[in-house]
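A short reminder: the numbers here are calculations on the coordinates, not readings from a lab. Given the structure is predicted, the values throughout are model-derived calculations rather than measurements. Don't worry about glycine lacking a Cβ; one is built from the backbone with ideal geometry, like all the others, and counts go over all protein chains shown.
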Amino acid sequence: AVRFHTRALSTSLIRGGNGVPLGRISRSPFLGALRHFATEPIKVPDLGDSITEGTVVEWVKGPNDYVNVDDVICVLETDKVSVDIRSEKAGLLTSHLAEEGDTVEVGAEIAQLDTDAKAPEGAAAPPAEEKAAPAAEAAPAAPAAPAAPAAPAAPAPKQASKPEPAAAPKPAPGSREETRVPMSRMRLRIAERLKDAQNTAAMLTTFNEIDMSNIMKIRSQYKDAFLEKHGAKLGFMSCFVAASSNALKAHPQVNAAIDGKDIVYRDYCDISVAVATPTGLVTPVLRNTETMSFDEIEKEIAALGKKARDGKIAIEDMLGGTFTISNGGVYGSLMGTPIINPPQTAILGMHGIFKRPVAIGDSVEIRPMMYVALTYDHRLIDGSDAVLFLRKIKQGVEDPVTMLLGL
């Protein structure tokens, strides 16, 4: 350590020739001592099952910014979601060890934090401010120093933890230019998984159509009372999830998976619901849907959908899943063939509701109809089982009373 024999020196920052902080001189009656920063590395935390690395897409905090506990430091884009990397301790962020666009592995050091640094005046931690707010309202205190001057030193964490995807540029009339943009990690992973599914599974698709008259009538009759009591809108997804759960219990092979040379049967139904986000398609999971009521399903779908659109969905929300429902009908799709989401063995594709003439007995009527498609892995599921499974869903949606009666 370098020693300074002095009485009058006040605490000050020592910098090297390149401006890098080296330490501080502390005041002492007899001598001051050079103290090196108590810097600690900020590491990439465990990102969940099967995720080993991510790409730094945004630094929310820069060098010389003061961070509080749980402040967002940066945003990592993984194969599945964008993850906010938060600080576990308070201190001064001294340096970045990775640049935006760099790929970092789990456990890698991405920044340095000086935990001995003091918070700038007027830049209190957000939780402390929230707790102090009621007291301030109850008993007005002496005017405090304005917080505005401290803002540059400790900016509030950005809520931009949803990196905007590279949007397709709009071509100018007559232009023949080309624009090349990198694919996001999520888009690359989606492409890889879809191609793997095509190369691995023996995919086959069976179709049917559903008369939506009854469920539309039920929805129209009870939607206001449902919203008033449960605080959630009554949609069609709850009926399809309930009907799918009922069908999965009746046909357990559709709820199973292939693991090497074994077949894994599940006693539970975890249904993945495909949700489109600005960065790609994600499939959050509804857990134990066989035990859920219509209102529980609608609330969970609404909560997961909002998290996905806001970019706040967690990796844990998408792990697992035994069956997937994809609703292309919200975009006006007439018919399509969905692709299996591995390691699942089947996926249900919903489509748009359109009025069509159908034969009802010996007469022709105009009914609101929906085509549905079931893509399944023929290695595990026989064609007859797939057809009966889809008919079971059709029965539950067209006549929900059969689900209440366990038929």
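Assorted remarks:
- Backbone phi angles across region 232-242, fed through the Karplus curve with coefficients 6.51, -1.76 and 1.60 (θ = phi - 60°), yield HN-Hα couplings of 9, 6, 8, x, 8, 4, 4, 5, 5, 5, 5 Hz in residue order; Gly and Pro are listed as x.
- Candidate cross-link partners of Lys217 among the aspartates and glutamates, defined by an alpha-carbon separation under 19 Å and a same-chain spacing of 8 or more, comprise Glu209, Glu228, Asp295, Glu298, Glu365, Glu398, Asp399.
- Whole-Hz Karplus values for region 192-205 come out as 5, 5, 5, 5, 4, 4, 5, 7, 9, 7, 8, 7, 9, 10 Hz, taken residue by residue from phi with 6.51 cos²θ - 1.76 cosθ + 1.60 and θ = phi - 60°; glycine and proline positions read x.
- Entries in Lys43/Lys312; Lys43/Lys299; Lys233/Lys355; Lys170/Lys223; Lys261/Lys312 that, when Cα-Cα distance is taken, lie over 29 Å: Lys43/Lys299; Lys170/Lys223; Lys261/Lys312
- Under 5 Å, built H, 5+ apart or other chain: amide partners of Thr94: Asn64, Gln112, Leu113, Asp114
- Modelled label positions at Glu109 and Glu316, each set 7 Å beyond Cα in the direction of Cβ, lie 2.9 nm from each other.
- Under-5 Å amide H pairs with Leu286, H placed in peptide plane, nonlocal only: Ile271, Ser272, Val273
- For region 294-377, the convex hull drawn through the C-alpha positions has a volume of 141 cubic angstrom per residue.
- Scanning residues 5 or more positions from Cys74 or on other chains, those with amide H under 5 Å from its amide H are Val60, Ile85, with H placed 1.01 Å from N in the peptide plane.
- Per the Cα gyration tensor, region 199-352 maps to an equivalent ellipsoid with semi-axes of 25, 18, 17 Å, ordered largest to smallest.
- The phi torsions of region 52-60, fed into the Karplus equation with coefficients 6.51, -1.76 and 1.60 and a -60° offset, translate into couplings of 10, 7, x, 10, 6, 9, 7, 9, 7 Hz, rounded to whole numbers, with Gly and Pro shown as x.
- Packing-based ranking of 173-180, 281-288 yields 281-288, 173-180, ordered from highest to lowest mean Cβ neighbour count within 10 Å.
- All aspartates and glutamates inside 16 Å of Lys195 as judged from Cα atoms, apart from same-chain residues fewer than 8 positions distant: Asp79, Asp377
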